[in-house]
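The values are calculated or read from the model by the stated rules, or taken from the named source; none is laboratory data. This structure is a prediction, so every number in the text was calculated from the model and none was measured. For neighbour counting, all protein chains shown are included, and Cβ atoms are generated from backbone atoms with ideal geometry for every residue, glycine included.
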Amino acid sequence: MTGPTVRVDTTSPVPPYEQVRTQLAALIGSGRLPEGERLPTVRQLAADLGLATGTVARAYKELEAAALIRTKRGAGTRVAAVPGAADADTGRLTRLAHGYVAAARATGADEAAILAAVQAALV
């Protein structure tokens with residue numbers, strides 16, 4: 001991953017693994033991390049962010065469960081193909097939206113700021 005970076009705010013009430021997961025999911029969903037892009041190893045990203053390896057491993061595990069990344073022995077962790085709109089799981093999408101809204105509100109953002117951020121991410 002040579003492009004966009006992930007940052008963790010240690011003062012945020014949002015757990016670090018969730019910050020990592022949310023940011024990577026957003027980068028993948030927006031196309032800024034394209035299909036096939038290799039992600040850093042768990043150890044490397046943990047070291048880069050100053051986190052425990054278990055924290056990054058949990059974020060990766062949740063991203064794999066959401067089919068956003070895939071890990072293969074010898075090939076590393078790569079961005080998976082993003083499902084098309086026809087393949088979208090509306091229940092999962094709703095759960096993700098609720099998680100994002102909760103995290104955004106925890107930062108003090110109001111509804112207008114949250115909507116603006118979502119619209120900016122869709123561009």
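Look at (1) at pLDDT below 90; (2) closer than 19 Å to residue 5 by Cα; (3) part of a loop (DSSP other than H, G, I, E, B) and you find that residue 81 fails only one, number (2). Among the residues of the stretch 50-61, those identified as buried (at least 18 other Cβ atoms within 10 Å of the Cβ) and within 15 Å of the chain's Cα centre (by Cα) are 55, 56, 58, 59, 60. Scanning the stretch 102-123 for residues that are part of a helix (DSSP H, G or I) and within 12 Å of residue 14 (Cβ to Cβ) returns 102, 103, 104, 105, 106. Looking across the stretch 84-123 at every residue that is over 18 Å from the mean Cα position of the chain (by Cα) and among the acidic types (Asp, Glu), the one that is modelled with the lowest pLDDT is identified as 87. Please verify whether the stretch 62-71 includes one or more residues that are of a type in the set (Ser, Thr, Tyr) and either within 14 Å of the chain's Cα centre (by Cα) or part of a helix (DSSP H, G or I) (or both). Scanning the stretch 62-71 turns up no residue that is of a type in the set (Ser, Thr, Tyr) and either within 14 Å of the chain's Cα centre (by Cα) or part of a helix (DSSP H, G or I) (or both).
Against the condition within 18 Å of residue 30 (Cα to Cα), surrounded by 14 or more Cβ atoms within 10 Å (Cβ to Cβ) and not hydrophobic (A, V, I, L, M, F, W, C), how does residue 78 come out, does it pass?
Details: within 18 Å of residue 30 (Cα to Cα): yes; surrounded by 14 or more Cβ atoms within 10 Å (Cβ to Cβ): yes; not hydrophobic (A, V, I, L, M, F, W, C): yes.
The answer is yes for residue 78.
Among the candidates 22, 10, single out the residue that is out of contact with any Leu (no Cβ under 8 Å at 6 or more places or on another chain) and buried (at least 17 other Cβ atoms within 10 Å of the Cβ). Selected residue: 22, the only one of 22, 10 that is out of contact with any Leu (no Cβ under 8 Å at 6 or more places or on another chain) and buried (at least 17 other Cβ atoms within 10 Å of the Cβ).
Restricting attention to the stretch 1-40, the residues that are in contact with a helix residue (DSSP H, G or I) (Cβ under 6 Å, 6 or more places away or on another chain) and in a loop (DSSP other than H, G, I, E, B) total 6.
Looking across the stretch 14-36, just one residue is of a type in the set (Asp, Glu) and closer than 14 Å to residue 103 by Cβ, and that is 18.
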